[in-house]
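Visitor: First the structure, then my questions, so here it is.
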Amino acid sequence: MDLQRPFSRSEAVATGISAEVLRGPRFRRIFRGIYVDASVPITPMLRAEAALAPFPDSAHLSHASAARLYDVPVPTLPEEHVTVCSPGDRRRRDGIKVHVAQPDQVRVVGGLRVSTCGDMFIELAELLPLVDLVVVGDTLVRRGWLTPAELVQHCAVSRRLGTRAARRAASYVRPRVDSPMETRLRMLIVLAGLPEPEVNVTIRNVVGEPIRRYDLSYRRSRTIVEYDGRHHIEREQQWESDLDRREAIDDDKWRILVVIAKGIYAEPERTLQRIHRVLRARGEPGVPAQLSDDWRPHFPGHR
């Protein structure tokens with residue numbers, strides 16, 4: 001038995017390790033009845049492996065556990081999630097949430113059975129709000145694991161718990177999204193009833209060479225909305241590059257609006273008012289006279 005991997009109490013006893021030794025400093029308990037050598041760091045992969053240990057070989061990691069193994073951005077969710085094939089395979093363990101489902105297929109990640117990306121997206125709809133779920137979808141698409149159309153189709157044919165919320169989120173997933181904060185900014189704009197901006201538009205010169213790329217943009221009104229996560233200029237070279245880029249944007253008569261984290265988490269209404277005002281002033285088609293309040297449950301903000 002490899003003591004560097006999670007093992008059960010019964011396995012330990014069978015190899016001559018007493019219950020008293022298991023309770024001592026030599027071993028660490030991960031879940032009830034599941035242990036590992038105390039020198040082993042508890043990584044997400046190890047904890048997920050330990051969560052699977054009490055269950056039959058047909059079980060697999062799902063929901064937030066699958067998301068952590070795929071390394072997609074999700075909020076902190078403390079429980080591990082295991083899906084079994086029949087109710088009789090359930091086991092009660094503190095810290096492990098058990099689900100029952102019959103998936104068509106599973107993947108193997110790091111030697112562990114895991115939900116497919118499409119199934120994981122639907123599973124996460126049980127746990128995550130809309131915007132966080134769209135962040136997951138944009139990440140899956142950016143990494144090439146699914147296309148937006150494949151994700152929409154997967155949700156359309158599913159009858160699993162969470163499918164309705166997953167279908168709504170899938171309809172907002174887009175390709176070429178660079179970061180979770182870019183997703184959040186786009187969702188803030190769209191949920192407020194503003195026209196959806198294009199994602200990562202590439203501007204080319206007369207011979208077709210790419211010269212600039214904009215996070216979110218409206219070509220007809222030449223308006224750019226960008227998320228900037230830097231709190232300060234770290235490198236003089238980057239600062240000079242940004243200045244050159246801004247001058248080129250000005251020369252082309254584009255207007256750029258830069259949004260920082262505060263503008264999404266703390267002052268979303270002010271951010272929307274800025275964007276709304278500029279789009280109307282520059283004649284962007286489809287801009288409503290008044291913003292929708294549908295964004296408010298998803299971006300409560302604070303002052």
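Visitor: Which residues, counting only those in segment 265-293, are under 11 Å from Leu188 (Cβ atoms) and among the polar types (S, T, N, Q)?
Guide: Passing the criteria: only Thr271.
Visitor: Shifting gears a bit: Hey, Pro87 hits all of (1) at pLDDT below 95; (2) surrounded by 24 or more Cβ atoms within 10 Å (Cβ to Cβ) but one; which does it fall short on?
Guide: Going through the list (1) at pLDDT below 95; (2) surrounded by 24 or more Cβ atoms within 10 Å (Cβ to Cβ), Pro87 breaks only (2).
Visitor: Now for a different question. Which residues, taken from segment 257-276, are within 18 Å of Tyr214 (Cα to Cα) and in contact with a Lys or Arg (Cβ under 7 Å, 6 or more places away or on another chain)?
Guide: Correct list: Leu257 only.
Visitor: Does segment 62-69 include one or more residues that are more than 14 Å from the chain's Cα centre (by Cα) and closer than 27 Å to Arg5 by Cβ?
Guide: Start the filter on segment 62-69 by keeping residues that are more than 14 Å from the chain's Cα centre (by Cα), which leaves 62.
With closer than 27 Å to Arg5 by Cβ added as a condition, the list becomes 62.
Yes: segment 62-69 contains one or more residues that are more than 14 Å from the chain's Cα centre (by Cα) and closer than 27 Å to Arg5 by Cβ.
Visitor: Is it the case, given these coordinates, that Asp2 is under 24 Å from Ser65 (Cα atoms), at pLDDT below 90 and not basic (Lys, Arg)?
Guide: Values: under 24 Å from Ser65 (Cα atoms): yes; at pLDDT below 90: yes; not basic (Lys, Arg): yes.
The answer is yes for Asp2.
Visitor: Any residue that is outside the structural domain of Leu185 (by TED's automatic domain parsing), among the hydroxyl-bearing types (Ser, Thr, Tyr) and free of Cβ contacts under 8 Å to residues at least 60 places away in the same chain - is there at least one of those in segment 121-139?
Guide: Keep residues of segment 121-139 that are outside the structural domain of Leu185 (by TED's automatic domain parsing), which gives 121-139.
Adding the requirement that they be among the hydroxyl-bearing types (Ser, Thr, Tyr) leaves 139.
Filter once more, keeping what is free of Cβ contacts under 8 Å to residues at least 60 places away in the same chain: none.
Looking through segment 121-139, none of the residues is outside the structural domain of Leu185 (by TED's automatic domain parsing), among the hydroxyl-bearing types (Ser, Thr, Tyr) and free of Cβ contacts under 8 Å to residues at least 60 places away in the same chain.
Visitor: Oh, and also: Could you tell me how many of the residues in segment 160-183 are outside any loop (DSSP other than H, G, I, E, B), closer than 19 Å to Leu194 by Cα and hydroxyl-bearing (Ser, Thr, Tyr)?
Guide: 1
Visitor: Let me ask you something else. From the set of residues in segment 184-206 that are part of a loop (DSSP other than H, G, I, E, B) and in contact with a strand residue (DSSP E or B) (Cβ under 8 Å, 6 or more places away or on another chain), which is surrounded by the most Cβ atoms within 10 Å (Cβ to Cβ)? Quick ask: steps written out before the conclusion?
Guide: To start, the set of residues in segment 184-206 that are part of a loop (DSSP other than H, G, I, E, B) comprises 192-197, 205-206.
The next check asks that each one be in contact with a strand residue (DSSP E or B) (Cβ under 8 Å, 6 or more places away or on another chain); those that pass are 195, 197, 205.
Values: Pro195: 16, Pro197: 22, Asn205: 9.
Going through the qualifying residues, I end up with Pro197.
Visitor: Please verify whether Val40 is hydrophobic (A, V, I, L, M, F, W, C), in a loop (DSSP other than H, G, I, E, B) and free of Cβ contacts under 8 Å to residues at least 40 places away in the same chain, treating the condition exactly as stated. Break it down stepwise before answering.
Guide: On the way: hydrophobic (A, V, I, L, M, F, W, C): yes; in a loop (DSSP other than H, G, I, E, B): yes; free of Cβ contacts under 8 Å to residues at least 40 places away in the same chain: yes.
Judged against the criteria, Val40 is a match.
Visitor: Could you tell me whether Pro73 is assigned to a loop (DSSP other than H, G, I, E, B), in the same structural domain as Ile122 (by TED's automatic domain parsing) and under 21 Å from Pro129 (Cα atoms)? Before you say what the answer is, go through the steps one by one.
Guide: Values: assigned to a loop (DSSP other than H, G, I, E, B): yes; in the same structural domain as Ile122 (by TED's automatic domain parsing): yes; under 21 Å from Pro129 (Cα atoms): yes.
Spelling it out, Pro73 is indeed assigned to a loop (DSSP other than H, G, I, E, B), in the same structural domain as Ile122 (by TED's automatic domain parsing) and under 21 Å from Pro129 (Cα atoms).
Visitor: Keeping to segment 1-59, report how many residues are within 28 Å of Ser86 (Cβ to Cβ), of a type in the set (D, E, K, R) and loosely packed, with under 12 Cβ neighbours inside 10 Å.
Guide: Of the residues in segment 1-59, 1 are within 28 Å of Ser86 (Cβ to Cβ), of a type in the set (D, E, K, R) and loosely packed, with under 12 Cβ neighbours inside 10 Å.
Residues are listed down the side, and each one gets a yes or a no for (1) over 17 Å from Arg93 (Cα atoms); (2) basic (Lys, Arg):
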position: Phe27; (1), (2): yes, no
position: Arg32; (1), (2): no, yes
position: Ala38; (1), (2): yes, no
position: Ile42; (1), (2): yes, no
position: Leu46; (1), (2): no, no
position: Leu52; (1), (2): no, no
position: His60; (1), (2): no, no
position: Ala64; (1), (2): no, no
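Visitor: Now for a different question. Identify, please: which residue in segment 253-303 is assigned to a loop (DSSP other than H, G, I, E, B) and polar (S, T, N, Q) and is, among those, surrounded by the fewest Cβ atoms within 10 Å (Cβ to Cβ)?
Guide: Taking segment 253-303 as the starting set, the residues that turn out to be assigned to a loop (DSSP other than H, G, I, E, B) are 253-254, 260, 266-267, 282-303.
Remaining after also requiring polar (S, T, N, Q): 290, 292.
Numbers: Gln290: 8, Ser292: 13.
Of everything passing the filter in segment 253-303, Gln290 is surrounded by the fewest Cβ atoms within 10 Å (Cβ to Cβ).
Visitor: Now a separate question. Keeping to segment 207-231, report how many residues are at pLDDT 80 or above and in a strand (DSSP E or B). Please lay out each step first, then the result.
Guide: Going residue by residue through segment 207-231, those that are at pLDDT 80 or above are 214-228.
From what is left, the residues that are in a strand (DSSP E or B) are 214-218, 223-227.
The qualifying residues number 10.
Visitor: What is the residue count in segment 95-117 for residues that are touching a Cys at 6+ places or on another chain (Cβ under 9 Å) and part of a loop (DSSP other than H, G, I, E, B)?
Guide: Here the count works out to 3.
Visitor: Let me ask another. Kindly list the number of the only condition in (1) surrounded by 12 or more Cβ atoms within 10 Å (Cβ to Cβ); (2) more than 21 Å from Arg159 (Cα to Cα) that fails for Asp71.
Guide: Here Asp71 clears every test but (1).
Visitor: Is it the case that Gly110 is over 24 Å from Leu191 (Cα atoms), at pLDDT 95 or above and surrounded by fewer than 24 Cβ atoms within 10 Å (Cβ to Cβ)? It would help to see each step written out before you state the result.
Guide: Working: over 24 Å from Leu191 (Cα atoms): yes; at pLDDT 95 or above: no; surrounded by fewer than 24 Cβ atoms within 10 Å (Cβ to Cβ): yes.
Against the criterion (over 24 Å from Leu191 (Cα atoms), at pLDDT 95 or above and surrounded by fewer than 24 Cβ atoms within 10 Å (Cβ to Cβ)), Gly110 does not qualify.
Visitor: Taking the conditions exactly as written (outside any loop (DSSP other than H, G, I, E, B) and not assigned by TED's automatic domain parsing to the domain that holds Val114), does Arg29 satisfy them or not? It would help to see each step written out before you state the result.
Guide: Values: outside any loop (DSSP other than H, G, I, E, B): yes; not assigned by TED's automatic domain parsing to the domain that holds Val114: yes.
Judged against the criteria, Arg29 is a match.
The values are calculated or read from the model by the stated rules, or taken from the named source; none is laboratory data. Note that the structure is predicted; figures quoted are calculated from it, not measured. Virtual Cβ from ideal backbone geometry, glycine too; neighbours counted across all protein chains shown.
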